[in-house]
1. For a protection proxy built on the mean count of beta-carbon atoms within 10 angstrom, sort 294-304, 360-370 highest first, please.
2. Residue by residue through region 418-428, which ³J(HN,Hα) values in whole Hz follow from phi under the Karplus form 6.51 cos²θ - 1.76 cosθ + 1.60 (θ = phi - 60°), with glycine and proline marked x?
3. Sort 252-265, 203-216 by packing, meaning the average of other beta carbons within 10 Å per residue, with the highest value first.
4. From the phi angles alone, apply the Karplus equation (6.51, -1.76, 1.60; θ = phi - 60°) to region 117-126 and give each ³J(HN,Hα) in whole Hz, x where the residue is Gly or Pro.
5. Could the peptides 142-150, 11-19, 305-313 be put in order, highest first, of the mean number of other beta-carbon atoms found within 10 Å of their residues?
6. Tell me which chymotrypsin sites (Phe, Trp or Tyr not before Pro) from region 405-445 have a DSSP coil assignment and no more than 15 other beta carbons within 10 Å of their own.
7. Keeping to pairs on different chains or 8 or more places apart, tell me how many lysine pairs in region 242-421 have Cα atoms under 26 Å apart.
8. Would you work out if the chain is rounded, prolate or oblate? Take a ≥ b ≥ c from the square roots of the eigenvalues of the alpha-carbon gyration tensor; rounded if a/c is under 1.5, else prolate when a/b is larger than b/c, oblate otherwise.
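Every number here is computed from the coordinates shown, using simple stated rules; none is lab data. Quick caveat: nothing in here was measured; it's all calculated off a predicted structure. Cβ: placed from backbone, ideal geometry, glycine included. Neighbour counts: every protein chain shown.
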Amino acid sequence: MQNKPKRVLLITYSFPPTGNVGVLRPTKFCKYLPEFDWKVSVLTVSNPSVPLQDESLCAEIPEETVVRYAKTLEPDYALKKAVSGTQEQTVQKKPSLIKRAVKGALRWVSNLVLQPDAQILWHRNAVRVGMELLNEIPHDAIVVSAPPFSSFLIGAALSRQSGLPLILDYRDEWDISNAYWENKGHGLLSRKLQARMQRRVARAASVLLATTQHSADALAQVVATAHSTARVSHIYNGYDAHDFKKIEVEDPAENERYRLAYVGTLWNLTYVEPLVAAVEKLAAESPNLAEQLEVVFAGRRTGPQEEILNRLDGLPVRVIKEGYLDHDGAIQLMHSANGLLAFLSDVPHAGRVVPSKIFEYMATRRTIFSVAPEGEVSTILRDCPMARIHTPSDINGIASSLALEIERFSMGVTFPPEYGLWDPAQYERKNLTGQLAGWLDEISGLSRNTESDEKSGNWKPEILRQQQ
């Protein structure tokens, strides 16, 4: 007997052609869920107020995907940037005291009024368009990917009106995002209001998913405080093996210098200071090695991080600064590098975060220089033979690791044999999507067939389930 067709509504503000790392998770879920017998509908925004576009990601979306768009009333990103005063890529001249005061007042008012975020201006149209879609096509469940966390309010409203079970997928933790996102500045009133919002959506959900085990533990506390019956688990971000088959792989042994690359944003939570200090130490103590080093930074950089990078000017090391690369370009850069950089700042709760690029780094089988406080990143990388693990305060250790790798490169020793033996397949996006499909099967009451069980591989509800 043929199984009943299953369909999930995926609600996400971040969706192609929007370009940022947060787009990848919902995009890959959309791509691979049909392989686990789940058809996908997507509710997203028609005029996103975002800084980046990546048209290449549109090819990831299956043709049969139903996509519905709802308009947001937000101003465009250029206006939001002007009000926020965020400095990107270059260090700007400081505005006058009056301008800074006006911008500060506007930020304070917008942060207070637009709760939990500016994307709440998408809420009304999104709920309307979402209900029209649910009335038009039968669905079995709803998944919401956030931030922005106002998307959770949309999902809760649609779940309540439709009676469909709800999964909240936290790409980032609500509290951590508010603490470190630029220009947030939430006061006590905002924090209390948003805590109440989070408890309310937790009570509406059947499952809360995090991207790390440590974050899932924190969400379990949210569920307990909210007196919710939702279950909590985690599904890591990962890498898509297909992405690595599309590019021509360069041989980093042919590089003129040892190429060290960082792909992503440099901001409050990815502080570049430890690496710069280590390179300064290397240049002072071993200038001949520093002359053989090339460091590439690709992505958005805030003003303070740009100022730190400027300390490398005048040193024998070669520094290359690039803007945002589309995803294919980012993968290409990773493959061209001899070593890859990952940063997390030494701030509260950073140990619960795992940058999604870590998994793509592992898939390249290049040396990984991890500079992060003790936490889940170091736990994951300890099993990886390519990883050089350091805390942000370990400047001497970072400099020593750099010196060792540059010396190996100069002698023609690129990647030891054990690099090729290590298998990161547990972090493939397809396998991880199978875990989401398992949760969808369970909360919707629809049985998984044997073929889908074999496809998912990692679906083990007795392990993944974590009762509050």
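1. 360-370, 294-304
2. 5, 4, x, 7, 6, 10, x, 4, 4, 9, 5
3. Highest-to-lowest ranking by the protection proxy: 203-216, 252-265.
4. 7, 4, 6, 4, 5, 8, 4, 4, 5, 5
5. 142-150, 11-19, 305-313
6. Within region 405-445, the qualifying chymotrypsin sites (Phe, Trp or Tyr not before Pro) (loop, at most 15 other Cβ atoms within 10 Å) are W422.
7. Going through region 242-421 pair by pair, I get 5.
8. Oblate, because a/c is 1.5 or more while a/b does not exceed b/c.
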